[in-house]
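Worksheet: one structure, shown below.
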Amino acid sequence: MNKYIAEFIGTFFLVLTIGCTVVGNGAGALAPLAIGSALMVMIFAGGHISGGHFNPAVTLGVWLRGKCEGKDVMPYMIAQIVAGVVAAMIVKFLKSGAEVSPMQPATLPALLAEFLFTFALVYVVLNAATAKGTAGNSFYGLAIGFTVMVGAFSVGNISGGAFNPAVAVGISLMGLSSWPNIWIYLVGNFAGAAVAAAGSIRPCRTICSSCR
């Protein structure tokens, strides 16, 4: 149960930060920095408990690579989605006077942007947080948080920069994205995660000169 609570808390604060920094232009151009930092600190806080997924696409990718038990997949995803919904409701209360206009992204560019940076996110998670070669490192939270920050700065104006189905649900509830566009995030995010899991680098089995 502690794992699921940790996933709820981490996802909640990620989506809450997104809403509070984006709705009403709260943090302006620095919103991606706040969002990436929120993810980073939540991963450092909960990573040792649940793995610090805070994202159904990450859970899918980690499961596909054999680093998450099948029995945890659906509870993780449910906890993440519920956290996104609760965070969105709180943002709507906190920012009740803010004017919100849903983004209207161009479909193909938004789909490609979500695919590419979800791929990047899951690729970093798999190789920084779940690989034997980087086991026990102290930088995984920073690497993952900065990946989201880079993606938000790079393509936030193209797709909204969700890279996370729970975030997609949250921003749709907040009115930052139109519900008919949620499929862009679901397809792009889960596809990016699946491809990252399939193509994630496995450590070589031979000792070459560069490894000695």
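Just wondering, is there one or more residues in segment 6-19 that are more than 20 Å from G141 (Cβ to Cβ) and either more than 16 Å from the chain's Cα centre (by Cα) or at pLDDT 95 or above (or both)?
Going through segment 6-19, the residues more than 20 Å from G141 (Cβ to Cβ) turn out to be 19.
Remaining after also requiring either more than 16 Å from the chain's Cα centre (by Cα) or at pLDDT 95 or above (or both): 19.
Checked against the condition, which is being more than 20 Å from G141 (Cβ to Cβ) and either more than 16 Å from the chain's Cα centre (by Cα) or at pLDDT 95 or above (or both), segment 6-19 yields at least one hit.
Output the number of residues of segment 174-187 satisfying the condition of being part of a helix (DSSP H, G or I) and either under 17 Å from F54 (Cα atoms) or open to solvent by 20 Å² or more (accessible area, probe 1.4 Å) (or both).
8
G136 versus (1) modelled with pLDDT under 95; (2) on the phi < 0 side of the Ramachandran plot: which is the lone unmet condition?
Among (1) modelled with pLDDT under 95; (2) on the phi < 0 side of the Ramachandran plot, G136 violates only (2).
Of the conditions (1) more than 16 Å from G61 (Cβ to Cβ); (2) at pLDDT 95 or above; (3) open to solvent by 40 Å² or more (accessible area, probe 1.4 Å), I171 clears all except one; give me its number.
Status for I171: all satisfied but (3).
Scan segment 113-121 and tell me whether some residue there is closer than 28 Å to A27 by Cβ and at pLDDT below 95.
Within segment 113-121, none of the residues are closer than 28 Å to A27 by Cβ and at pLDDT below 95.
Among the residues of segment 137-148, which ones are surrounded by fewer than 21 Cβ atoms within 10 Å (Cβ to Cβ) and not in a loop (DSSP other than H, G, I, E, B)?
Within segment 137-148, L142, A143, F146 qualify.
Checking the conditions here, which among T118, T147, T134 is touching a Phe, Trp or Tyr at 6+ places or on another chain (Cβ under 6 Å), under 23 Å from E7 (Cα atoms) and of a type in the set (S, T, Y)?
After applying the criteria, what remains is T118.
Out of G24, G47, which single residue is touching a residue at least 60 places away in the same chain (Cβ under 8 Å), part of a helix (DSSP H, G or I) and in contact with a Lys or Arg (Cβ under 6 Å, 6 or more places away or on another chain)?
G24
Quick one: what pairs do we get from segment 141-158, first residue under 9 Å from L39 (Cβ atoms), second assigned to a helix (DSSP H, G or I) and aromatic (F, W, Y), C-beta under 6 Å, 6+ apart or different chains?
Listed pairs, sorted by first residue: G141/F44.
The values are calculated or read from the model by the stated rules, or taken from the named source; none is laboratory data. The structure displayed is predicted, hence computed values, not measured ones. All Cβ positions, even for glycine, are placed from backbone atoms using ideal geometry, and neighbour counts span all protein chains on display. Side chains included, ligands, DNA and RNA excluded: accessible areas come from the protein's heavy atoms. Shrake-Rupley method; radii C 1.70, N 1.55, O 1.52, S 1.80 Å.
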